[in-house]
Amino acid sequence: MATLTVYSAPGAAVPTTGFWTRARKAGLAFLVIGVLAAGIFGPLARQHKSARFTFTQTITGAHVDIPAQPGAIAFGLLCAIAGAILLAWGRAARMLVLLISLALVFLVLSFLCWQVASGRNSTVLPLGDLSNSTVKAALPLVFGALGGVLCERSGVINVAIEGQLLTGAFAGALFGTIFSSSWAGLIAAALGGVFISALLAVLAIRYLVDQVVLGVVLNLFALGFTGFVFTQLMAQHQDKYNFAPVFPSWQVPGLSRIPILGPAFFQGNFFVYLAIALVVLVHVGLFQTKWGLRTRAVGEHPTAADTVGIKVYRIRYRNVLLAGVIAGIGGAYLTIGDVGNFNANQTSGRGFIALAALIFGRWSPFGATLAALLFGFSTALAQVLSVIGSPIPQEFLSMLPYVATIVAVAGLVGRVRAPAADGKPYLKG
Amino acid sequence: MVEPGEIHALLGENGAGKSTLMNVLYGLLQPDEGEIVVNGEPKRFRSPGDAIDAGIGMVHQHFMLVPVFTVTENIMLGAERTRGGLLNRGSARERVLAVSRQYGLPVDPDATIEDLPVGVQQRVEIIKALVRNVDLLILDEPTAVLTPQETEELLAVMRTLKADGKSIVFITHKLKEVKAIADRITVVRRGRTVGTATPDASEDSLAAQMVGRAVKLRVDKEAAQPGDPILSVAGLTVLDERGQVAVDGIDLEVRAGEVLGIAGVQGNGQTELIEAIMGLRPIQGGEITLHEGRSGTGRPAGGRRGRGPASQSLVGRRTSEILHAGVGYIPEDRSVDGLVMEFSVAENLVLDRYDEPRYASGIALSPNAINEAAKARITEFDVRTPSHLAPVSTLSGGNQQKVIVAREMSSPLKLLIAAQPTRGVDVGSTEFIHARVVRERDQGTGVLLVSSELDEVVALADRIAVMYRGKVLATLPADAPREQIGLLMAGITDGAAPETSGSEAGPETSGSEAGREEDES
């Protein structure tokens, strides 16, 4: 056989970004931030004070004490070292995620050493409580983001997650009270989510309305409608319309004893277990079943799906409605899964954070869940810190989840690939 | 009517209704009247699913493959087999390999579509149809994206399928291929069947039937009289949207009074090259220079506009500056980059010149001047339009393209960049546009022509540069053998043997396939 001079595909082997790979950029950022953390949090931390971390949900029990000033400096430097390794190494691989996670953990620990030791009310941080609050804050986000995954993988942008959550929370409280059954509330919540989804589906798929604008409008509609019924009816007769029974907690024997994580994941109510099951179910469904293959095909290249006999509209309608069921149930967690009553604008932007989690998690069920947990953690951290009397003003602490969202989506995500036909209506012919 | 085991060619111009007819046959569009008869039974296809059930498969002009799926996933899509509720990828993979071996269509079942060359993607499309046990396979312009060698391979596959008793409808406007493979030919024009023919009909007579009058298949032109260089490109490197190198250190030179044709299969960096020259895409490295060249006849190229610096770099310049420096640009996709569809013909004729003194005074346009100029252009360039005020979207593809050509040629040019100037244009307009390009050349303009139709490049160019994966592999004289150009288009520089097309395939298939193709070459 004659020697062939076949050119290889340019750029196929190595990414062409040059020296400043993503790993290097992240490494540099962590190096600088880590040094800053050591330099700022260290001196700020009060001398001869220590921060106590308990592994339980209370301020007593097994614990570690970390001297505040050396701790803040040491963890800041560890974060910088992780950054330096990334910077020196500069390649994206499995180690990248590990190193970035480590750097983040060290950064948070450095911050906590200062914060906890400087608390006005207490210098003890119960880690069990922190993880419990994280899961509680993350749950509605997980449901919302999973709804978003179903919707957007089939090619319909779901900005209406907020509206679906809110309607679910509202319907759960109202009908849960009327029928004095939390299960009835749950079904009503699912139907509430489906109601918003149905509007989204018909207007987006049948009438080709711009899906982002439509989502915003549906959110405003849900906010106005639930707010109206709340002030006119529920707020005036709380006991008759806004006093729903709450789902009881179920303990998983054994697993609930795991320190820190046990109470968070295995002592919760129905919603916690449903969320765990749904994440697995949606993942397997999306990547291992006929339904998932068709859903993804419709979201990537609807014409190709149509030419092999797949009913594009039917798949999109089905997925958008299913997304409403999941997000509606997620909203119900805020009422019948937690406090039992509804308040105007109870979701207060959680739907948008769920949307960010969906994008940060790259449209994958597990990714979105991890992102939701991250956002949940920042919410929980803000709560816990304000309880122990942090020197940072309350207003700044409540900004934490949103700042984390912006940093995550703008800084860490970079360019991600949405399903190719996401937001594009399909027209036959 | 298509008989079993027959290759039936459907020949017609762009827009003659070939694809529409086949989309009706495949259930994508619904007929307003008439009926489809399969094996003696009238059928009505409400969706492609019905057509597949009736044994009809189609390979679309634009591939219907999900880019992020693997070959197997694409082929199983819509006909998934499951085991215990989960996808059975294993059995689908086996099926792909079996069909792949049976018909000599090597593919790697686990490769992701977007990583595969178009030729292989087309094989996947064919396998996709065959897996569904079709009796009739419709191939819609299958050779448009292939190199000459890949085209030969496709024709061989078609013969295999025919020998296996499958019927094929082969849609094309390329006469050579029709004559090479078809058993019977139906010619369509403007939505009507205008005749049938046998493959021994001459190319001229087929072309005449297709267009409705006698046409010249060759472009009349004198030998070029090239002058000084007008455009030089040195070491140009450009990235595509995905950050991959699309143009990889290219050196080019276009001289006054010559047509430099760039041949190559679509997607080998031609688009990025042109966009970089026009300032529409940032470059990574290299230099682009527009010279004050003199044509072979000693006349300064670009006439009066030729004043200004002797040589100027185009790197980092805005597109409007580049246009005003004496560059004309016919973009490859007229509906996206060339015209504003809702605007009138007159407005489109001044789209990049509206701010010149002849059309504007101060901040106001001069509608009279624009309209008068438009009427003159419409006559000169034979644009068939009801009025100069008609929206350009109401014109046929050929006339839309003539609007662009008229606009670009209405100013004195040093350099004309023509990307796919006759794509989707009828034969009559193609003749006209080709003649105008040659006339522009004879006036001393340097012309850079990009076309994925090798016939067009060969017909117009004085020199041919072949692009493959972002590089210019060679620059050849216009009379270089087509075989040599074809090999270069496939990335083979020594011409000893065609690239074994099975090289991308998995180990299961590549061995036997490579052997088979080696014997052929």
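Principal axis extents for the range A:128-412, Cα atoms only, whole Å, descending order, please.
60, 43, 40
Based on other C-beta atoms within 10 Å, arrange B:Glu177, B:Glu33 from fewest to most.
Ordered by Cβ neighbours within 10 Å, fewest first: B:Glu33, B:Glu177.
Averaged over its residues, how many other protein chain Cβ atoms are within 10 Å of peptide A:281-291's Cβ atoms?
Mean partner-chain Cβ count within 10 Å for A:281-291: 3.
Report, in cubic angstrom per residue, the convex hull volume of the C-alpha atoms of the protein assembly as shown.
Taking only Cα atoms, the protein assembly as shown has a hull volume of 221 Å³ per residue.
By counting other Cβ atoms within 10 Å of each Cβ, how are A:Phe143, A:Phe396 ranked from fewest to most?
A:Phe396, A:Phe143
What ranking, highest mean first, results for peptides B:477-485, A:101-109, B:116-124, B:281-289 when packing means the other Cβ atoms within 10 Å averaged over each residue?
Per-residue Cβ counts within 10 Å, averaged per peptide and sorted highest first, yield B:116-124, A:101-109, B:281-289, B:477-485.
Taking B:Lys375 as the anchor, which lysines have their alpha carbon closer than 27 Å to its alpha carbon, excluding any fewer than eight residues away along the same chain?
List returned: B:Lys402, B:Lys414.
Please identify the helices of chain A, taking whole runs of DSSP H, that span at least 30 Å along their own axis as judged from the Cα atoms and have a mean Kyte-Doolittle score of 0.0 or higher.
Long hydrophobic helices here: A:22-44, A:68-89, A:94-117, A:127-153, A:312-334, A:365-388.
Send over the semi-axes of the range B:133-222's equivalent ellipsoid, whole angstrom and largest first, taken as the square roots of 5 times the C-alpha gyration tensor eigenvalues.
25, 17, 11
Which number do you get for Rg(Cα) / (2.2 N^0.38 Å) in the range A:22-118?
1.16
Counting only C-alpha contacts under 8 Å and six or more residues apart, can you give the relative contact order of chain B as a whole percent?
Computed value for chain B: 16 percent relative contact order.
Of B:Asp251, A:Asp338, B:Asp164, how do they rank once you tally other Cβ atoms within 10 Å and put the fewest first?
With the fewest neighbours first, B:Asp251, A:Asp338, B:Asp164 line up as B:Asp164, B:Asp251, A:Asp338.
At q = 0.10, 0.11, 0.18 Å⁻¹, what base-10 log of I(q)/I(0) does the Debye formula yield for the range B:7-211 when every alpha carbon is treated as an equal point scatterer in vacuo?
Debye intensities relative to I(0), on a log10 scale: -0.44, -0.53, -1.34.
Report, as an integer, the average count of C-beta atoms from other chains found within 10 Å of each Cβ along B:74-80.
Mean partner shielding for this stretch: 6.
How big is the shadow of the Cα convex hull of the range B:404-500, averaged over all directions, in nm²?
Seen from a random direction, the Cα hull of the range B:404-500 projects 7.1 nm² on average.
Would you mind classifying the range B:328-410 by shape? Square roots of the alpha carbon gyration tensor eigenvalues, ordered a ≥ b ≥ c; an a/c under 1.5 is rounded, otherwise it is prolate if a/b is larger than b/c and oblate if not.
Cα axes put the range B:328-410 in the prolate bin.
Below 19 Å, Cα to Cα, which lysines can A:Lys428 reach? Residues fewer than 8 away in the same chain don't count.
A:Lys311, B:Lys18
For peptide A:295-305, how many partner chain Cβ atoms fall within 10 Å of a residue's Cβ, on average?
Other-chain Cβ atoms within 10 Å of each residue's Cβ, averaged: 5.
Given the Cα atoms of chain B, and with Rh set as the inverse mean 1/r over their pairs in the Kirkwood sense, what is Rg to Rh to two decimals?
Reported Rg/Rh, Kirkwood definition of Rh: 0.99.
Mind ranking B:402-412, B:336-346 by how tightly packed they are, going by the mean number of other C-beta atoms within 10 angstrom, highest first?
With the highest mean Cβ count within 10 Å placed first, the list reads B:402-412, B:336-346.
Of A:Lys25/A:Lys424; B:Lys128/B:Lys471; A:Lys424/B:Lys128; A:Lys424/B:Lys176, which ones are farther than 29 Å apart at the Cα?
In this structure, A:Lys25/A:Lys424; B:Lys128/B:Lys471; A:Lys424/B:Lys176 exceed 29 Å between Cα atoms.
Quick note: the coordinates plus some simple rules give every number you see, no bench work behind them. These numbers come from a predicted model, not from an experiment. Positions of Cβ are generated from backbone atoms using ideal geometry, with glycine treated the same way; all protein chains shown enter the neighbour counts.
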